[in-house]
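The values are calculated or read from the model by the stated rules, or taken from the named source; none is laboratory data. Quick caveat, the model's predicted, so the values are computed rather than measured. We place every Cβ from the backbone using ideal geometry, glycine too, and count neighbours over all the protein chains shown. Just so you know, the surface numbers come from the protein's heavy atoms only, side chains and all, with ligands and any DNA or RNA stripped out. Shrake-Rupley method; radii C 1.70, N 1.55, O 1.52, S 1.80 Å.
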Amino acid sequence: MVAEVLAKFGERITQQLKEDIKNKPLPRRGGKSFVANASGDLADSVRYEVTNSSLKIYANNYIYYLMFGRKPGKRPPREVIVKWIQDKGIQSDIPVNSLAFLIQRAIGQNGTTLYPTGSTLISDIMNEALINDLKSDLFDELVAEAVSSFRTLTKAA
């Protein structure tokens with residue numbers, strides 16, 4: 001069934017995405033890089049669902065900012081920055097709330113390091129090889145279903 005093919009690819013995509021969130025270096029200004037996995041919450045949130053012959057991949061909403069970055073203008077919520085500081089175990093001579101405010105203000109003024117270029121977090125997974133594999137498996141499944149339907153019709157006749 002088509003749903004089984006989609007589930008196979010959903011599993012493949014979500015496993016690779018979880019692995020990349022935990023281990024893939026993302027670019028940072030100054031030639032440095034960082035790994036997106038601070039608390040493990042994002043990787044843990046990745047899942048897929050197959051319904052009505054469609055595949056949907058889910059993750060915490062902030063994956064958007066790891067894919068595209070955050071443009072200057074609006075500051076991120078302070079509580080998110082505080083949690084990130086704590087999850088990363090960042091030590092500072094200033095209080096956590098003050099450090100969070102400074103980071104929050106810098107992101108509001110300059111955007112994140114991933115803006116405007118974004119990252120390859122998803123595009124490296126959804127590559128041409130994966131899409132071709134999916135097309136091939138779906139085509140094979142559709143042909144098998146058509147042949148089965150044709151055999152059923154010819155037996156009934």
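Here's how it looks for Y115: its modeled amide H is under 5 Å from those of R70, which are all 5 or more places away or on a different chain.
Roughly how large, in nm² to one decimal, is the mean projection of the convex hull of the alpha-carbon atoms in the stretch 59-130?
Dividing the Cα hull surface by four gives the mean projection, 5.8 nm².
Need the list of aspartates and glutamates near K32 for cross-linking: C-alpha distance under 19 angstrom, and skip anything on the same chain fewer than eight residues off. Cα-Cα hits under 19 Å: D20. For E128 and D140, the difference between the fully extended length at 0.36 nm per residue and the C-alpha to C-alpha distance is 2.5 nm. Between the beta carbons of Y64 and T152, assuming R0 = 41 Å, the FRET efficiency works out to 0.35 to the nearest 0.05.
Per-residue surface analysis assigns Y58 an accessible area of about 80 Å², computed on protein heavy atoms at 1.4 Å probe radius.
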